[in-house]
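The structure under discussion appears below in the form of structure tokens.
The values are calculated or read from the model by the stated rules, or taken from the named source; none is laboratory data. Bear in mind that the values here come from a model prediction, so they are computed numbers and not experimental data. Using ideal geometry, Cβ is built from the backbone for each residue, glycine included, and neighbour counts are taken over all protein chains shown.
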Amino acid sequence: MMATIDSNTLALLQQRCPRCHEGQLFTHSAFNPVRFAEMPERCPVCSQAYEPEPGFYWGAMFISYAFSTAIMLVTGFLVYHLLHDPAVWVYVTSVAVAAVLLTPLSLRYSRTIMLYLFGGVQYQPRRYQPAGNR
Ligand SMILES: [Zn+2]
């Protein structure tokens, strides 16, 4: 059995279902280059729908823009300091590589944050749920 996580933040970081904090939000690993974005329709543990309404994850794009901006700023900062302000192409290449490598994480966390903030799902540990919902 998986241990139940009571903290919303920890469950979010581990990309678990916002309702039971047990089911995984994504079917494959973030390192799977083709299927990293695949989500089941419902939580395999508590049957919570993972897409509360059609097109729900369009809004996640804005969160992912914020991630992209942060990735660019942090990469630029690191390149500046670690490589002692190199030529422009080094910045451009580093930022592009970092952005591509971090796309799966950025996409998955954008969706997870979207679901936690705007999905209207309350944490409901299974021990308090009626038997019919198990
Ligand atoms: Zn669940």
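Only one entry in P33, P86, P40 is modelled with pLDDT under 95, over 17 Å from T4 (Cα atoms) and of a type outside the set (K, R), namely P33.
The set of residues in the range 21-39 that are without any contact (Cβ under 8 Å) to a residue 60 or more places away in the chain and either under 16 Å from Y50 (Cβ atoms) or not in a loop (DSSP other than H, G, I, E, B) (or both) comprises G23, Q24, T27, H28, R35, E38.
Kindly indicate the residue of the range 1-20 that is over 14 Å from the mean Cα position of the chain (by Cα) and within 12 Å of the ligand (Cβ to nearest atom) and also farthest from G119 (Cα to Cα) among those meeting that condition.
Filtering the range 1-20 for residues over 14 Å from the mean Cα position of the chain (by Cα) gives 1-7, 19-20.
Adding the requirement that they be within 12 Å of the ligand (Cβ to nearest atom) leaves 2, 4-5, 19-20.
Working: M2: 24, T4: 20, I5: 19, R19: 10, C20: 14 Å.
Looking at residues that are over 14 Å from the mean Cα position of the chain (by Cα) and within 12 Å of the ligand (Cβ to nearest atom), I get M2.
Among the criteria (1) of a type in the set (F, W, Y); (2) more than 16 Å from the ligand (Cβ to nearest atom); (3) modelled with pLDDT of 95 or more, the one Y50 does not fulfil is (2). Only one of the listed residues (Y91, Y80) is surrounded by 15 or more Cβ atoms within 10 Å (Cβ to Cβ), in a helix (DSSP H, G or I) and at pLDDT 95 or above. That residue is Y91.
Part of a loop (DSSP other than H, G, I, E, B), more than 16 Å from the ligand (Cβ to nearest atom) and crowded, with 17+ Cβ neighbours inside 10 Å, is that true of F67? Criteria not met by F67.
Go through the range 61-73 and count every residue that is of a type outside the set (F, W, Y) and under 13 Å from L105 (Cβ atoms).
If we filter the range 61-73 for residues that are of a type outside the set (F, W, Y), which is where we start, we get 61, 63-64, 66, 68-73.
From the residues that got through so far, the ones that are under 13 Å from L105 (Cβ atoms) too are 63-64, 68, 70-71.
Residues flagged as of a type outside the set (F, W, Y) and under 13 Å from L105 (Cβ atoms) within the range 61-73 amount to 5.
In the set (1) touching a helix residue (DSSP H, G or I) at 6+ places or on another chain (Cβ under 7 Å); (2) in a helix (DSSP H, G or I); (3) within 19 Å of Y123 (Cα to Cα), the condition left unmet by P18 is number (2).
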